[in-house]
Each structure stands twice: as C-alpha cells, then as structure tokens.
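Written out below as structure tokens is the structure these notes cover.
The values are calculated or read from the model by the stated rules, or taken from the named source; none is laboratory data. Fair warning: this is a prediction, and the values are worked out from it, not measured in the lab. Cβ placement follows ideal geometry from the backbone for every residue including glycine, while neighbour counts extend to all protein chains displayed. Keep in mind that these areas ignore ligands, DNA and RNA; they rest on the heavy atoms of the full protein, side chains included. Shrake-Rupley method; radii C 1.70, N 1.55, O 1.52, S 1.80 Å.
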Amino acid sequence: MTFYTSASFFILLAALIVPAAAFGVWGRGLKCWGMAASAIMLAFLYSSSAVQAAAFGLFVAIATAGAFATLASWKRGAKSMAVYRISLACTLAPLVIYKVSAVFDQNLLAFAGISYVTFKAVQVLIEIRDGLIDDMRVRDYLYFLTFFATITSGSIDRSRRFMDDLKHQPSRSDYLELLSRGLLLLLVGAAFQLVFASIALHYYAPDRSLVVPSIAYGVARQIANAYLYALYLFFDFAGYSLMAMGASYCFGIVTPRNFQAPFAAVDMKDFWNRWHITLSTWLRDFVFMRFVRWATRRRVFSSRLSCACTAYVVDMAIMGAWHGLTPDYLAYGLYHGGLLAATEAYQKRSSFHKRHKQARWYRVLSWFVTMQLVIFGFALFSGQLRTIVERIING
C-alpha cells in the first residue's frame, strides 16, 4: 500500500474515518482510536517489506529511548549534555546512514517516512534540552511520532502543538466542522495530485528535449519543461500535503498547512515562507537561529548581515542534504542559500529597494524575477540542467 495514491489506502482510510466520526460526534475522545488507526495504517504501509518494518521499529525504539533518557536527565536536574548529545546522535544516525548509503544504491535502514519522523524526533530532543518540554507521556510521544496521516507526506508537525490537540476535546459542532473541512481537503488534495499534477507530468517531456528541429525549439522546449516540472511538483506535493491535513482533521489533529500560494511570492524569503512551510520554519528555528546565536556569541563575523547571510547558506545546504546527498539536491540547497543571502544583503543595503519596495511596478518586477529564479532552482532539483550539460558535453 502507498499512502495517498493507491485505491486500497483510500478504502481503508474511509473505513477508519467512520468510527472516528462517530467518536467525534458523540463527544468521545479520539486519541485512542487515532492511535489504533495509525497502528493499522502503518501495518499495511510496511507489510510488503519486513526490512522496512524492522528499520521503522528500530528507529522508534531509539528515538523513544533517547527522548525519555534526556527528559529524565533534565527532570532530575542533572541536565546531562552527554545524554542529550548521544540521544541526538543516535536519533539522527539512521537518517544519515540511509542518505549516505543511498549514494551507493544501498538504502540501509530506509523506511517510508524516515525524513519526516527524524525531524519530529529531533525537535522533541532539542526542545527538552531548551526546557520547553518538561513533561511528556510515552504513549503521547509514540502517537506523535507514528501518526499515520503525516508520516510519508508532511507536514512536519511540532510535538507541543500536536499534544495540545490531544488534550483538547472538541465539541460536537467543532468536530463536525473539522470533519467537513478534512473531507474537503482530502478531495481538493486528490484533485491536485491525481488531476493537475498528472496533466503537468503528461506534457513534461525531458527525454525529447534535445531531439529537436532547431536550437530555438530546443531552448523553448527546455523552458517549457522547467515550468511544467514546477507545476507538477507543486500540485503533487501540495496535493499530498492537503490530503495529509484532511486525514488529520478527521482524527481531531489540526496539522499545519505546508503551502500558501508559493507562486505569488515577491522575493526568495517570501517564497520560503510559502513553500514547504513546515520544513522551512523547522530549519529556521533549529538551524538558522541557532547558528546565528552560536556565531554571535563567539563573534565569528564582523557584522550581523554577514552572519545572517552565512546562516542562510548553512540552512539551505542542510535542506538540500535532507532531500538527498546527490549533486542535484546539494546544488539546489546551495543555490537557494545563495539566493536568500543575496536577498537579505540587497534588502538591507539597497536604498533603491527601500525607496520603491511598496510601489506596484516594483513588486510586479520583483515577483517576475523571483519566479524565474524559483523555476531555475526546480530545474536544478529535477536534474534537468545536469542532463542538458551532460548531453551537450557528450555531443
């Protein structure tokens, strides 16, 4: 079974939503049924691969042991950094091993959803260390980590927000509103992923790009491919995210949105506030801000602007590596890090920008330039540019 694509998934999801709706309408707690539904869904997800099931179970055991060992250390007042660092390293290890081994086509410790659950587990560890989480029940943590709706498709939820939903029992009217919104999001997400993404993918033709009657046609075909891939990626990914939100709502979990009109962005910072929002905000909170604080305390940079620009590059480099340790993904991350750094420097230092940033013509021009930069980035992400260069070099 593949989540959000196979017919069997939607049939099983519908069967699991019916009891959830009954519990919600009757004012009964949804947590126990949500945990049971997650166990059922994950059993089907990993049923075709004993190796993936074992890797998932190993990760959950490591992450849970690390989280509660760190929490116990902090609650005792010991605040052992050694326990925290070992727990963090062990929690990150499966993802790092998988990403490195994937470069050699091995996929060690791989399981569906490893990237998302790792970031969720790491968030809990860091917030325990920061004193933001001082109490947590094992079953609530396990539910947060294994909640089926977002395990393969995002969003990257935060534990404290998730557990607030568990504590809040919605009234009948509130749940009915959640349920109706959830079902609508499932339908809209399915339309995005199954209809619009499929149409864009149908016309996306990278293999025919260089077999062309003229250079002009070839260039036009490549440009069209870049735009079509951008549309495909958006509708595919946004579709999955909307369906994940919809499924979550049906079980009383208000999963945050992952996209907010990204193609309306007027600069690169605005784009990352709209595209894969939960990933970009996770990286902002746990990479960007921490790098800035670390560098500021040690006076690594001569100016705050230099510090921020470097932090953008580090932040986006990790984003690229999170997608995969391939030249395409790493180049994509560094490209966006450079763009964000350039945007920050331009907006902070340019008097022209400060004078005209509210003018309509300037915002339209900024939007147009931003979109071309975004599309070029997707051509890096998809491997389109690398393929073009390789074919030109090879004649």
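Based on alpha-carbon centroids, what's the gap between the range 1-79 and the range 127-179 in Å, whole number please?
Cα centroid to Cα centroid, the span is 11 Å.
Relative contact order for the range 43-132: what percent, with Cα pairs under 8 Å and sequence separation of 6 or more? Write down the numbers at each step before the final one.
On the way: 82 pairs, mean separation 30.5, N = 90.
For the range 43-132, the relative contact order is 34 percent.
Just going by the charge dipole of the range 275-317, with Lys and Arg at +1 and Asp and Glu at -1 on Cβ, which of Met289, Ser302, Met316 is farthest out on the positive end?
Value: Ser302.
Explain nothing, just the number: relative contact order of the range 296-395, from Cα pairs under 8 Å at least 6 residues apart, as a whole percent.
Numbers: 71 pairs, mean separation 25.3, N = 100.
That works out to 25 percent.
Hey, what do the phi angles of the range 15-21 turn into as Karplus ³J(HN,Hα) couplings, whole Hz, using 6.51/-1.76/1.60 and θ = phi - 60°, x for Gly and Pro?
Values, residue by residue: 5, 7, 6, 4, x, 4, 4 Hz.
Quick one: if you take sqrt(5λ) for each eigenvalue of the C-alpha gyration tensor of the range 31-136, what semi-axes come out, biggest first, whole angstrom? Write down the numbers at each step before the final one.
Numbers: eigenvalues 141, 72, 18 Å².
Result for the range 31-136: semi-axes of 27, 19, 9 Å.
Return one quarter of the surface area of the convex hull spanned by the alpha-carbon atoms of the chain, equal to its mean projected area, in nm².
Details: hull surface 92.3 nm².
Average projection, Cα convex hull of the chain: 23.1 nm².
In a Gaussian network model over the chain where Cα atoms closer than 10 Å are linked, find which of Leu365, Leu325, Leu142 has the largest mean-square fluctuation.
Highest fluctuation among the options: Leu365.
Return a whole-number percent for the relative contact order of the chain, with Cα pairs under 8 Å and 6 or more residues apart as the contact set. Walk me through the numbers on the way to the answer.
Working: 483 pairs, mean separation 58.0, N = 395.
Dividing the mean separation by the residue count of the chain yields 15 percent.
Calculate, for the chain, the solvent-accessible area per residue in square angstrom, rolling a 1.4 angstrom probe over the heavy atoms of the protein chains.
Counting only protein heavy atoms, the per-residue value for the chain is 48 Å².
Quick check: net charge around Arg161, other residues with Cβ under 13 Å of its Cβ, Lys/Arg +1 and Asp/Glu -1?
Values: positive: Lys120, Arg158, Arg160, Lys167, Arg257; negative: Glu127, Asp140, Asp157, Asp164, Asp165, Asp285.
With Lys, Arg at +1 and Asp, Glu at -1, the net is -1.
In degrees between 0 and 90, to the nearest 10, how far off the longest principal axis of the chain does helix 81-103 point, with axes built from Cα atoms?
So the inclination is approximately 50 degrees.
Compute the signed sum of charges (Lys and Arg +1, Asp and Glu -1) over the other residues within less than 12 Å, Cβ to Cβ, of Thr370. Please list the in-between numbers first.
On the way: positive: Lys269, Arg274, Arg363; negative: Asp267, Asp270.
Summing Lys and Arg as +1 and Asp and Glu as -1 gives +1.
Arranged from highest to lowest average of other beta-carbon atoms within 10 Å per residue, in what order do the peptides 103-115, 293-305 appear?
Details: 103-115: 16.1, 293-305: 11.5.
In decreasing order of mean packing, 103-115, 293-305 become 103-115, 293-305.
For q = 0.17, 0.22, 0.28, 0.32 Å⁻¹, what log10 I(q)/I(0) does the range 13-59 give under the Debye formula with an equal point scatterer on each alpha carbon and no solvent?
Log10 I(q)/I(0), no solvent term: -0.57, -0.75, -0.95, -1.11.
Tilt of helix 304-323 relative to the longest C-alpha principal axis of the chain, in degrees (0 to 90, nearest 10)?
Helix 304-323 and the main axis of the chain meet at about 70 degrees.
Count of lysine pairs in the chain with Cα atoms under 27 Å apart, counting only pairs 8 or more residues apart in sequence or on different chains?
Qualifying lysine pairs in the chain: 13.
Using a 10 Å cut-off on Cβ atoms, rank the peptides 248-261, 223-236, 347-360 from the highest mean neighbour count down. Walk me through the numbers on the way to the answer.
On the way: 248-261: 20.9, 223-236: 19.0, 347-360: 11.4.
Result, highest mean Cβ count within 10 Å first: 248-261, 223-236, 347-360.
Can you pull the percent of Cα pairs in the range 285-395 with separation above 17 Å?
Working: 3919 of 6105 pairs.
Summing the P(r) tail past 17 Å for the range 285-395 gives 64 percent.
Can you work out ³J(HN,Hα) from phi for every residue in the range 340-350, in order, using Karplus 6.51 cos²θ - 1.76 cosθ + 1.60 and θ = phi - 60°, giving whole Hz and x for Gly and Pro?
Listing the rounded values in order: 5, 5, 5, 4, 4, 5, 5, 5, 7, 10, 7 Hz.
Quick check on the range 136-231: what are the equivalent-ellipsoid semi-axes from the Cα gyration tensor, as sqrt(5λ), descending, whole Å?
Values: eigenvalues 396, 58, 17 Å².
Semi-axis lengths for the range 136-231 are 45, 17, 9 Å.
Round to a whole number: what % of the accessible area of the range 27-119 belongs to carbon and sulfur, probe 1.4 Å? Kindly include the intermediate steps, with their values, before the conclusion.
On the way: 3040 of 4470 Å².
Ligands and nucleic acids excluded, carbon and sulfur give 68 percent.
How large is ³J(HN,Hα) for each residue in the range 237-245, as worked out from phi by the Karplus curve 6.51 cos²θ - 1.76 cosθ + 1.60 (θ = phi - 60°), to whole Hz, x for Gly and Pro?
Using θ = phi - 60°, the values come out as 5, 5, x, 4, 5, 5, 5, 5, 4 Hz.
If each DSSP helix of 4+ residues adds -39,500 (n - 2.57) and the sum is divided by the residues in the chain, what number results at 222 nm, nearest 500 deg cm²/dmol?
Working: 18 runs with 282 residues, N = 395.
Computed mean residue ellipticity for the chain: -23500 deg cm²/dmol.
On a 0 to 90° scale, report how tilted helix 114-129 is relative to the longest principal axis of the chain, with both axes built from alpha carbons and the result rounded to the nearest 10.
70 degrees
Computed over the Cα atoms of the range 59-203, what is the ratio Rg over Rh, Rh following Kirkwood? Write down the numbers at each step before the final one.
Details: Rg = 18.6 Å, Rh = 17.5 Å.
The Rg/Rh ratio comes out at 1.06.
What is the ratio of the Cα radius of gyration of the range 87-141 to 2.2 N^0.38 Å, with N the residue count, to two decimals? Kindly include the intermediate steps, with their values, before the conclusion.
On the way: Rg = 13.4 Å, N = 55, 2.2 N^0.38 = 10.1 Å.
Normalised by 2.2 N^0.38 Å, the Cα Rg of the range 87-141 equals 1.32.
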